[in-house]
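The values are calculated or read from the model by the stated rules, or taken from the named source; none is laboratory data. Just so it is clear, the model here is predicted, and its values are computed rather than measured. Quick reminder, even Gly has a Cβ in these numbers, built from the backbone with ideal geometry, and neighbours come from all protein chains shown.
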Amino acid sequence: MTAPEPISERHDVSRFDSGTDSLDTWLQRKARLNEAKGGARTYVVCDGDRVIAFYSLAASSVERQRVPSRVGRSMPEPIPVILLGQLAVDTGHRGRGLGAHLLVDAAKRALAAADVIGARALVVQALDD
């Protein structure tokens, strides 16, 4: 199993199955396009070249009234954030802590990016609980 790395053409996404069609479709049809156009960065964990887990990060913003006052205080409108827009683990690799590992990796990358570009928070766009 690889450490999270940026998605590339060599990564096989064709057999990825998280059990959620919208996440599978996003990985298979949109992840590389977003990567190429700079819309989002997708990081994958692989078994060989086969993707078994992934997440994506993107720059975003939120309106001040949608965040706790301690987050929005003295910040511009809208508030710059980093969006964790996608995160999924293949059904055959669940129960191994991969999701938690990806969340920690995403948070570390977001913190590093915030130091460079300025962002107030990491926003998680959860599909379900």
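For the stretch 72-95, the condition holds for no residue, the condition being that it is aliphatic (A, V, I, L, M), loosely packed, with under 12 Cβ neighbours inside 10 Å, under 15 Å from the mean Cα position of the chain (by Cα) and over 15 Å from Arg41 (Cα atoms). Put simply, of Asp12, Asp21, Asp17 the only residue that is more than 27 Å from Ala121 (Cβ to Cβ), exposed (fewer than 12 other Cβ atoms within 10 Å of the Cβ) and among the acidic types (Asp, Glu) is Asp21. Across the stretch 114-129, the qualifying residues are those that are in contact (Cβ under 8 Å) with a residue 12 or more places away in the chain and under 13 Å from the mean Cα position of the chain (by Cα), and the one among them that is surrounded by the most Cβ atoms within 10 Å (Cβ to Cβ) is Val123. Cβ-Cβ distances below 8 Å connect the following pairs, each with a first residue in the stretch 54-80 that is outside any strand (DSSP E or B), a second residue that is among the β-branched types (Val, Ile, Thr) and modelled with pLDDT of 85 or more, and a separation of six or more residues or different chains: Glu63/Ile79; Arg64/Ile79; Val67/Ile79; Val71/Ile79; Gly72/Ile79; Pro78/Val62. Selection of the stretch 1-34 for residues being within 11 Å of Ala88 (Cα to Cα), small (Gly, Ala, Ser) and either assigned to a loop (DSSP other than H, G, I, E, B) or free of Cβ contacts under 8 Å to residues at least 24 places away in the same chain (or both) yields Ser18, Gly19. Within the stretch 49-71, the set of residues being closer than 20 Å to Arg120 by Cα and among the hydrophobic types (A, V, I, L, M, F, W, C) comprises Leu57, Ala58, Ala59, Val62, Val67, Val71. Filter the stretch 35-50 down to the residues that are over 13 Å from the mean Cα position of the chain (by Cα) and assigned to a strand (DSSP E or B), then identify the one that is farthest from Arg96 (Cα to Cα). Looking at residues that are over 13 Å from the mean Cα position of the chain (by Cα) and assigned to a strand (DSSP E or B), I get Arg50. Is it true that some residue in the stretch 93-107 is of a type in the set (D, E, K, R), modelled with pLDDT of 95 or more and assigned to a helix (DSSP H, G or I)? Checked the stretch 93-107: at least one residue is of a type in the set (D, E, K, R), modelled with pLDDT of 95 or more and assigned to a helix (DSSP H, G or I).
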